[in-house]
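*Asks:* Got a structure here, written out as structure tokens. Questions coming.
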Amino acid sequence: MSGALTHNRLGVKRLKTSTIMSSVMLALIPGSILMVYWLGPGVLMNLTVSVLVAVACEALCLRCRQRAITPMIADGSIVLAAWLLALCLPPAFPFGPLIVGTLAMCVLGKHLYGGLGQNLFNPAMVGYAVLLVSFPTAMTTWTQPGELTAFNDTANWGSWWALKWHGVSSLGGSWDAITQATPLDHLRSLERQSLIVDVDALHSPPWRALSLAWLAGGLYLLVRGIIRWHIPVAMLVAAALTHLAYRFFFPEYSLPLLPALFYGALMLGAFFIATDPVTAPSSVRSRLCYGAGIGVLSMVIRTSSNYPEGVAFAVLLMNATTPLLDRWFVLDKRL
Amino acid sequence: MNHTDIHPLSGGLALSVPTNAHIDATLHTAPLAPQLYLPLVDYSRTVLQPNVTLGQSVLAGQSVARGIIAPSSGTITAYIEHSWPHPSNTQVPTLVLQSDGQDRFIPIDHVHPLERIEAAAVHGLGGAGFSTAAKIRKACEFGRPTLVVNAVECEPGIACDDALMQQQPRAVLEACRSLIELLGVYSAQFAIEDDKQLALNALQACEPEQYAVDIVTLPVIYPSGAEAPLIQRLTGIALEYDQRAADVGVVCLNVATVLSIHNALQGRPAVDRIVSITTQDLHHSINIRTRFGTPVNALMTFAASINPAIATALQQNSSTITVGGPLSGFQKTLDTSPILATTNALLVGPADPVPTPSACIRCAECTVACPVNLLPQELYTAAVTEDIDTANRYLLDVCVLCGCCDLVCPADIPLTSWFRFAKDAKRQRQQEQTAATLARARSDNHNERETRRAQEKAEADAARRAQAAQRKESAADIKAAIARAKNRRPRS
């Protein structure tokens with residue numbers, strides 16, 4: 001192409017990398033606010049520390065790799081990745097592991113592959129996976145929505161601060177009262193004991209509202225043309241079908257369909273994580289295939305493994321198939 | 001045929017031209033330049049051997065190398081390495097023709113029409129500049145091909161076909177009819193985009209039905225004028241990666257080429273084309289009929305003399321121009337590079353600064369925009385690493401270099417330039433491989449010859465030795481016989 005071209009002149013709508021990233025962050029805001037509201041200052045601390053550490057680490061990595069620092073940080077990609085990682089962590093997650101996870105995300109997940117656009121695996125999910133296998137207890141201990149969430153109470157901030165630095169023991173015996181396993185974990189253990197689950201009794205409104213907020217953000221991105229529908233739709237449809245199949249073949253899984261889709265990270269995963277352009281395939285058919293793969297794997301991991309949530313591992317597994325899917329479908333079409 | 005019959009094209013872009021653009025559809029004629037430059041390369045960049053000698057006088061239409069004719073009469077004065085309008089910015093062997101100003105033509109009087117087209121050196125005036133005779137010959141293997149006249153000319157800033165249709169609609173239609181007769185088909189599909197209202201009106205006024213021409217108006221989508229997308233929109237057939245139009249029984253010819261064919265059949269060689277000269281902001285455009293081989297700077301001077309806006313643009317930037325349109329074109333220093341069959345447009349004036357590209361985030365906007373369903377981001381990675389094999393797997397050859405991906409890329413990556421580079425690298429590697437294969441074959445032949453010669457020599461030696469031994473033996477026999485005879489017959 002000649003440098004002659006001013007793109008706007010020919011009437012073609014064009015996104016900029018920074019527009020893409022900032023739109024995704026904008027779409028994350030409602031859900032994040034809800035999360036902070038329901039789960040307390042811990043979420044805000046996670047977000048702040050993760051973003052700050054990630055930006056510093058990114059700058060250092062770029063420096064070491066002798067790349068321009070400012071434009072790469074200004075495009076917002078690392079802030080977005082840190083944000084997504086922080087959203088996946090429990091509010092009481094201690095600072096130490098949080099920093100480890102953020103560094104893993106930035107170095108292992110991104111720069112070892114050659115930086116933006118080169119990484120095979122979703123950096124936020126790499127950070128998440130590192131944390132989940134390294135700090136399994138801390139990663140699965142969530143505070144109950146509504147507990148310890150008062151923002152105007154200095155004592156509350158103090159106890160969060162202690163919690164973040166010294167971990168669970170700082171609260172002494174009162175700790176058990178405010179924590180629970182992830183809602184999905186809880187549901188599953190009830191299911192396994194063949195107890196009848198009264199879904200609405202399980203503090204469900206916060207989680208459902210949160211999923212709705214992610215869904216709303218995702219729809220905004222679809223309307224803006226930042227993401228395309230293929231991956232989220234394929235993922236949610238495949239997850240729903242997998243869930244129905246489980247219910248059909250194993251009567252002990254009695255959770256109805258909608259709660260299954262609206263608890264856990266499916267919505268966040270479908271619209272914000274699986275759609276990461278860098279690690280997703282690019283043709284329509286390969287995207288459908290990729291989304292469906294994540295949907296099926298998420299439900300299988302969630303239901304049949306010991307991990308509370310399957311989206312992260314499903315995304316990582318399907319990331320590994322991305323080059324193959326791309327090659328497969330583009331060549332298949334022509335040969 | 002109306003819009004509902006048009007098949008959809010996956011990808012492509014709806015471009016909008018500046019609303020206040022002033023396109024001058026008058027056909028100007030550039031004066032004959034004193035020196036014409038004839039690069040001796042064909043469309044695949046194979047260097048051709050000249051079949052004229054220095055100092056030889058030639059007539060317009062006379063062959064100077066295979067597939068290349070002199071555009072005017074004069075004397076061949078030099079054989080030099082000279083720049084040509086190609087993105088590689090290289091120099092190629094070029095003949096310099098000093099024109100005598102008399103412009104005498106050699107008549108083309110071959111009996112067979114295809115031979116006549118070949119002798120007239122008709123090449124595609126649209127994109128790649130293939131030999132038209134070869135194209136028609138290939139399509140005729142099909143029996144009765146589908147004839148598509150390509151008047152789509154979808155890129156903004158290029159209006160040479162538009163001007164031709166507005167100015168000479170009857171000649172265009174007559175040319176279509178003579179091509180219909182030549183191919184033995186019933187009708188021609190004349191594809192034109194619906195924004196060329198003036199040209200459409202001019203053609204409709206000449207009653208195209210009488211010429212068996214079926215005018216198909218396409219809604220504007222860039223790049224419908226490229227062969228594969230056009231065939232897809234007209235017929236719904238998506239060409240396979242190794243197919244050309246002729247392989248599916250379609251002969252797809254640019255409208256100006258059709259007129260050249262008609263002229264060739266009338267005995268006039270293909271010596272000129274219409275070139276659009278447009279300002280970089282696409283606001284002013286003129287069309288000039290130009291002899292092939294005319295130096296670009298001479299043409300530019302002429303253009304500046306007839307259009308003040310172009311003169312101003314040229315003053316602002318007199319060092320570089322864009323050869324081709326704003327999307328598919330490439331930058332070139334303004335020098336004595338000649339106008340070729342494929343030089344459809346030149347853009348003048350200050351170019352916009354090229355933005356610094358950032359990293360590809362694989363957002364796949366390019367995949368969506370690609371009119372031939374490629375994965376430009378994968379091709380890009382392959383091109384940057386000069387990994388031609390991978391580029392081939394991602395169907396580098398299918399890329400039509402339309403520039404749609406550049407236009408939508410959020411990271412400002414000049415994808416098309418990379419693909420052009422990769423195609424070039426591939427061609428070069430193929431040529432090297434061919435040369436290496438040839439050299440190896442020659443060396444093998446040589447070795448074989450040597451071995452054979454040594455063997456033959458050994459055999460001959462052995463034979464000679466055996467003969468000598470035999471001769472010695474027979475000499476001994478004779479002596480013995482003489483001795484016996486002497487013994488038998490004692491002297492008296």
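*Asks:* Which condition from (1) at pLDDT below 85; (2) within 14 Å of another protein chain (Cβ to nearest Cβ); (3) open to solvent by less than 30 Å² (accessible area, probe 1.4 Å) is the one that A:Pro308 breaks?
*Replies:* The single condition A:Pro308 does not satisfy is (2).
*Asks:* What number of residues within segment A:223-242 satisfy the criterion of being within 11 Å of chain B (Cβ to nearest Cβ) and surrounded by fewer than 21 Cβ atoms within 10 Å (Cβ to Cβ)?
*Replies:* Residues that pass the stated criteria total 2.
*Asks:* Still on this structure, please answer the following. Quick one: count up the residues across segment A:133-151 that are buried (at least 16 other Cβ atoms within 10 Å of the Cβ) and either modelled with pLDDT of 90 or more or among the aromatic types (Phe, Trp, Tyr) (or both).
*Replies:* 2
*Asks:* Now for a separate question. I'm trying to understand the selection: among the residues of segment B:17-54, which are exposed (fewer than 14 other Cβ atoms within 10 Å of the Cβ), in contact (Cβ under 8 Å) with a residue 40 or more places away in the chain and within 14 Å of chain A (Cβ to nearest Cβ)?
*Replies:* Residue satisfying the conditions is B:Asn20 alone.
*Asks:* Can you tell me which residue among B:Ile277, B:Ile286 is away from chain A (no Cβ under 14 Å), assigned to a strand (DSSP E or B) and either closer than 25 Å to B:Ala171 by Cβ or free of Cβ contacts under 8 Å to residues at least 60 places away in the same chain (or both)?
*Replies:* After ruling out the rest, the residue left standing is B:Ile286.
*Asks:* Here's something else I'd like to know. Can you find even one residue in segment A:122-131 that is open to solvent by 60 Å² or more (accessible area, probe 1.4 Å) and not assigned by TED's automatic domain parsing to the domain that holds A:Tyr290?
*Replies:* The answer is no; no qualifying residue exists.
*Asks:* What are the residue pairs meeting all of these: first residue in segment B:303-317, first residue under 11 Å from B:Gly349 (Cα atoms), second residue open to solvent by 20 Å² or more (accessible area, probe 1.4 Å) and in a helix (DSSP H, G or I), Cβ atoms under 7 Å, and 6 or more apart or on different chains?
*Replies:* Qualifying pairs under 7 Å: B:Ile310/B:Ala304; B:Ala311/B:Ala304; B:Leu314/B:Ala304.
*Asks:* Turning to a different aspect of this structure: Counting only residues that are open to solvent by less than 40 Å² (accessible area, probe 1.4 Å) and part of a helix (DSSP H, G or I), which one in segment A:97-112 is farthest from A:Phe272 (Cα to Cα)?
*Replies:* A:Pro97
*Asks:* Here is a further query. Go through (1) at pLDDT 90 or above; (2) among the aliphatic types (A, V, I, L, M); (3) surrounded by fewer than 18 Cβ atoms within 10 Å (Cβ to Cβ); (4) more than 30 Å from A:Phe121 (Cα to Cα) for B:Ala425 and report which single condition fails.
*Replies:* (1)
*Asks:* Scan segment B:391-399 and give yes if some residue there is more than 10 Å from every other protein chain (Cβ to nearest Cβ), part of a helix (DSSP H, G or I) and under 30 Å from B:Ser285 (Cα atoms), otherwise no.
*Replies:* Scanning segment B:391-399 turns up no residue that is more than 10 Å from every other protein chain (Cβ to nearest Cβ), part of a helix (DSSP H, G or I) and under 30 Å from B:Ser285 (Cα atoms).
*Asks:* How many residues does segment B:307-337 hold that are crowded, with 23+ Cβ neighbours inside 10 Å and within 21 Å of B:Ala226 (Cβ to Cβ)?
*Replies:* The qualifying residues number 8.
*Asks:* May I pose another question? Specify which of the listed residues (B:Gln232, B:Gln243) is within 14 Å of chain A (Cβ to nearest Cβ) and within 30 Å of B:Ala119 (Cβ to Cβ). Break it down into steps so the answer makes sense when it comes.
*Replies:* Values: B:Gln232 fails: within 30 Å of B:Ala119 (Cβ to Cβ).
Checking each option against the conditions leaves just B:Gln243.
*Asks:* Is it the case that A:Val284 is farther than 21 Å from A:Ser304 by Cβ, surrounded by fewer than 22 Cβ atoms within 10 Å (Cβ to Cβ) and modelled with pLDDT of 85 or more?
*Replies:* yes
The values are calculated or read from the model by the stated rules, or taken from the named source; none is laboratory data. The structure displayed is predicted, hence computed values, not measured ones. Here the Cβ is made from the backbone with ideal geometry for all residues, glycine too, and neighbour counts use every protein chain on show. Accessible surface is based on the protein model in full, side chains and every heavy atom, while ligands, DNA and RNA are left aside. Shrake-Rupley method; radii C 1.70, N 1.55, O 1.52, S 1.80 Å.
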